[in-house]
Amino acid sequence: MAFDMVEAITLIAREKNIEFDAVLETLQAGLLAAAKKKYSYTDNISFKFDRKANELLMMATKKVVEKVTDADVEITLKEAKEIDSEAELDDEIDIYIDYETEFGRNAIASAKQILIQKVREAERDRIYEEYIDKVGTLVSGVVQQIDKGNVIVNLGRAEAIVPVKEQIPREKFRQGDRIRAYILDVQKSLRGPQVILSRVSNDFLRALFELEVPEIYEKVIEIKAIAREPGERAKIAVYSSDERIDPVGACVGIKGVRVQSIVRELNNERIDIVPYTSHPEMFVTRALAPAKVVNIEVFELENKMTVAVEDEKLSLAIGRNGQNARLASKLTGWKVNILSETEYNETKRKEAEMLVQVGELDGVGAKIAERLADADIGSVQKLAAASVESLVKIEGLGQKSAEKLVQKAKKFVQEIEEEYRQRQEREASGAVDEGGGKKDDKLTEGDVFEDDEEYVTEADDVLEAEAPEFGDIEDEGDADEKE
């Protein structure tokens, strides 16, 4: 092998970060493939690399015989003596093959192609092995190009991709920009391993805090939960195992320097840092900050809470397009229904008026009613709002029984609500008196009796009022004077 070829292999091995021996083995495989095109038998072909001379020697081992019947594996004694003067019959000798002239340019080009292919495969395996262990970590790179919205990133020794769905909305990159992202996955493909990066993953936000806040990296402060709408807003719940350290203050940093660094990295995404607590009601209250919670009702079986906030803080608690409420729900793991204080009080008043004990529902016996009450389902209204999945957890209730109970409760509640609605409409129109009876000042046909001779019409009343019988009064007065 010429010296420049050996140097070329060394250069390839260095650039691709592949072992020299691996490249050499690949070249040997290419030469062997070229030999198979010329020789019918190649099992006797072997290679030897002379490191001192920087030569790759290719040789065919042949047996010394008197008469050759297969030239690929046999050689005459005379020819063998020319190679090795001490050769004898039945000996095996190595015959060196000058592959550069023996196989021709086409065969060498074929070997070169195999070498390139094998080197690429080795490089893919190396990249895969290197980055599969880095899944879940932060990496930095340079934007190499934008392809159909996907950002191709040069990581130095490998290329990575940030798919459109893993990019922060409205975030723009240009060729040459520095970018930081989270390694989401490494996939093998025919074109090589694909390193998938993400900037919208919750773990990306977690990794940024670990980078900026030493207490998190050292496990003194723990991020318990993350809820995020990339590019818009995020909430994180933090907890400190050391009572002397304020987890929120440590994450914010002096004058907000720590959190502001993360905000800039996330394209000005707003970040709310919430102190974690294992008390669900308090955790939800903190998650809804800055809105002030005035009342909270918990439905454990449904994993749901109804929260009442001050009337003027309702929009703040819900957030733009319900964003604050959604993030609070994701952060805490509870379904949160937010009402204003006025709405909540009105709802409770309505519930109190329509409240029916669960034991009064047809089909609910004393034992079932008691078990439902133990599960905080004491009214028909709560039973109607419960899910079948939560009811089957109660002892004595199967799937079919739970379904029937919920259906009955819903029908019963609909009837009650319809009656309540109709009554409210009548009250609003003034058709119901305080006692719940019918109120109507107008006379109907049933109030008039045709055979009542003494019945006086409205017109007669007016006439009598205008012309009283004063004569009779005067006569009575005169009689008194005479007396």
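Structure values in brief
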item: Shape of region 348-428, Cα gyration tensor, a/c cut at 1.5; result: prolate
item: Listed residue pairs exceeding 20 Å between alpha carbons, taken from K304/K330; K350/K411; K134/K172; K118/K188; K235/K330; result: K134/K172
item: Region 196-255: trypsin sites (Lys or Arg not before Pro) falling in loop per DSSP and having at most 14 other Cβ within 10 Å; result: K219, R244
item: Inter-centroid distance (Cα atoms) of region 195-234 relative to region 345-361, Å; result: 45
item: Other-chain or far-sequence residues with amide H under 5 Å of V153's (modelled H); result: Q144, A160, I161, V162
item: Simple spin-label estimate for K219 and R174 in nanometres, 7 Å along Cα-Cβ; result: 4.5
item: Full-stretch length increase - L190, Y239 - with 0.36 nm per residue and alpha-carbon distance subtracted; result: 13.1 nm
item: Amide H within-cut-off set for F49, under 5 Å, with H built and near neighbours excluded; result: L57
item: Inter-part distance where region 246-275 and region 386-422 are each reduced to a Cα centre, Å; result: 46
item: Cα-based shape type of region 134-200, given that a ≥ b ≥ c are square roots of the gyration tensor eigenvalues and the cut on a/c is 1.5; result: rounded
item: FRET efficiency, D21 to E86 (Cβ-Cβ, R0 25 Å, nearest 0.05); result: 0.15
item: Calculated FRET efficiency for the pair K348/R421, C-beta based, R₀ 30 Å, to 0.05; result: 0.95
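FYI, it's all coordinate maths here, none of it is from the lab. Because the structure is predicted, anything quoted here is derived from the model rather than measured. Note: ideal-geometry Cβ built from the backbone for every residue, glycine included; neighbour counts use all protein chains shown.
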